[in-house]
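Since every read-out is calculated from the coordinates, none of them should be taken as a lab result. From a predicted model like this one, the values you see are computed outputs, not experimental measurements. Glycine also receives a Cβ, built like all others from the backbone with ideal geometry; neighbour counts cover every protein chain displayed.
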Amino acid sequence: MKNTFYPYYIKWLRDFFYIGQSEIADALYMSVGAYSKMEQGKKTIRDKDFEAVIRFYEERKEGYSFCFDEEKKEKANARIRQCIVSFVYRSQKEMLPELENYLSDSTNLHSFAFFETKLLEMIYEYFANLPFQERLPFLLEHMDLFDATAQSMIYDLYGLNKLRKYDETAIEYFQTAKSLSVLLNIPGWLGLINYHLIIAYLRFMQPEKAFPFFEESGKDLQNSGSHRRILDLHLNQAQCYMKLGLREEADSLFQTMLQTYNQVEDDDFLKSIYGNYSWNQLIQKNYSFAIDLVNKAIAYNSKFPDLYITLAYSNYRLGQPENALDAIATFRGQNREDPRSKMVLQFLEVLESFLLGRKKTFERLANQLLPRLEKWKDLEVDLFVYQMLIDHYARMEDEHALCVVQAKLIDFLMH
């Protein structure tokens, strides 16, 4: 372990304190070439060599000290495992005070648990809903220093980071995390990674690949006793049914979950059910019911941007353009900056220009939006845009443009 740890750590120290290799080499009475080989792992670093490097920094850098307690690494790994368990049970917030205490102790960072502590810093940021992605490259660069448990956590968090960016490589990272977790005896961990894989497949419109994972994930989460995660899994199963076109099955599952809600004191879960249930009703053209469900989700303070697609488009289809325009104005007034909300707004602006009869603006915005939706397949608004274009050109009696749009729609449906 030390032969791997030593070169990485002394390299980090020198970079952190902006020290040249020649200065350290002189202090250690060795050549720059010899010291450089130590950092590169090409020359064995003896314990006394490492201790000499540590003394160099302790004597010159106020406040720096290294803890040689070899149990630190084992304790840090136990804490990483504990974080995974809390992640499975959705009790991350309860871990924050304990992580704060651990991270505030400088003897944990500058010790043989240095890299594990760096991972715990990132876990803390993720659990606290803080930006964490900047730490990922450093951890990935030093993956060979971590055990399989820590590696599986790093790859899972990397997958979640990619998922936030709508990057399909998230699937690969979740698969790697899964392969590492198979032999780990952590109840529910494999089930949670499978759950993340399910979310990724659904996000990138591959419900047929998500479907086989529900049973495997459900069994592992059930055996671990993570009942809240099982409810999340049921919600995603309903989404999978929707994307597979099994509307009635999805409705049945949504209704069952609403009845189950009495057992869960979590408004987030209820608003997620209402939000997804409303979309299923929109696709089935049950517009009034869809609007009722959206309003219930909003009443629970749901911030899911797609609700405003359902709200505006349902009102349009019900012949209530004023209500549709009010929904669009409300969403625009929220000044949201996240990528998904920006895409939702682009769709709403297409609908707005259509409702207001701004023909040229509508054609321009609609034709700009369609190719962008290639990267946002899970918004599932392509058909709405095509239908508006067809209605638009039919009203204008522009048969050539109408045929072009219909051909594009057929091509879209075929692929």
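Evaluate region 236-337: find the radius of gyration of its Cα atoms, find its Kirkwood radius, and give the ratio Rg to Rh.
0.98
Based on other C-beta atoms within 10 Å, arrange VAL405, VAL182, VAL85 from fewest to most.
On the way: VAL405 23, VAL182 11, VAL85 16.
Result, fewest neighbours first: VAL182, VAL85, VAL405.
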* Structure fact -> Straight-line reach check, LYS285, cutoff 24 Å on alpha carbons, 8 or more apart in-chain or any other chain, hits among lysines -> LYS243, LYS271, LYS296, LYS303, LYS377, LYS408
* Structure fact -> For 228-235, 22-29, ranked highest to lowest by mean beta-carbon neighbours within 10 Å, the order is 228-235, 22-29
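What shape does region 2-60 take by its C-alpha gyration tensor, where a ≥ b ≥ c are the square roots of the eigenvalues and a/c under 1.5 counts as rounded, a/b above b/c as prolate, and the rest as oblate?
Values: a/c = 1.31, a/b = 1.19, b/c = 1.10.
Judged from the Cα gyration tensor, region 2-60 comes out rounded (a/c under 1.5).
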* Where does each of HIS400, HIS196 land when they are ranked from fewest to most other beta-carbon atoms within 10 angstrom? -> HIS400, HIS196
* Asked: Sequence-distant or interchain residues sharing an amide H contact under 5 Å with SER111, placed H: which?
  -> CYS67
* Asked: To the nearest 10 degrees, how steep is helix 189-203 against the longest Cα principal axis of the chain, on a 0 to 90 scale?
  -> 40
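Give the order of ARG55, ARG14, ARG90 when sorted by the count of other beta carbons within 10 angstrom, beginning with the fewest.
On the way: ARG55 13, ARG14 19, ARG90 16.
Sorted ascending by nearby Cβ count, the order is ARG55, ARG90, ARG14.
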* Asked: In degrees from 0 to 90, rounded to the nearest 10, what is the angle of the helix 170-181 Cα long axis to the longest principal axis of the chain?
  -> 50
* **Angle between the chain longest axis and helix 287-299 axis [Cα atoms, degrees, rounded to 10]** => 40
* Taking the alpha-carbon centroid of each part, what is the distance from region 164-194 to region 85-143 in angstrom? -> 18
* Structure fact -> Read-out Kirkwood radius over Cα pairs in Å, candidates [x] 24.8; [y] 24.2; [z] 21.9; calculated match is [x]
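Any idea what the relative contact order of the chain is, in percent, if you count C-alpha pairs under 8 Å spaced at least 6 apart? Kindly include the intermediate steps, with their values, before the conclusion.
On the way: 448 pairs, mean separation 31.9, N = 415.
Dividing the mean separation by the residue count of the chain yields 8 percent.
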* To do: Pop out the ³J(HN,Hα) list for region 8-23 in order, Karplus 6.51 cos²θ - 1.76 cosθ + 1.60 with θ = phi - 60°, rounded to Hz; leave Gly and Pro as x.
  => 5, 5, 5, 5, 4, 4, 5, 5, 5, 9, 6, 9, x, 4, 5, 5
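Assign one of three labels to region 333-415, namely rounded, prolate or oblate, based on the Cα gyration tensor with a ≥ b ≥ c the square roots of its eigenvalues; rounded applies when a/c is under 1.5, prolate when it is not and a/b is larger than b/c, and oblate otherwise. Spell out each step's value before the answer.
On the way: a/c = 2.83, a/b = 1.34, b/c = 2.11.
Oblate.
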* Structure fact -> For region 76-84, in residue order, the Karplus 3J(HN,Hα) values (coefficients 6.51, -1.76, 1.60; θ = phi - 60°; whole Hz; Gly and Pro = x) are 5, 5, 5, 6, 4, 4, 4, 5, 5
* Asked: Looking at region 8-110, how many pairs of lysines come closer than 18 Å at the Cα, when each pair is eight or more places apart or spans two chains?
  -> 6
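Please list the three semi-axes, largest first and in whole Å, of the ellipsoid equivalent to region 59-163, using sqrt of 5 times the eigenvalues of its alpha carbon gyration tensor.
Details: eigenvalues 102, 47, 37 Å².
Equivalent-ellipsoid dimensions as semi-axes: 23, 15, 14 Å.
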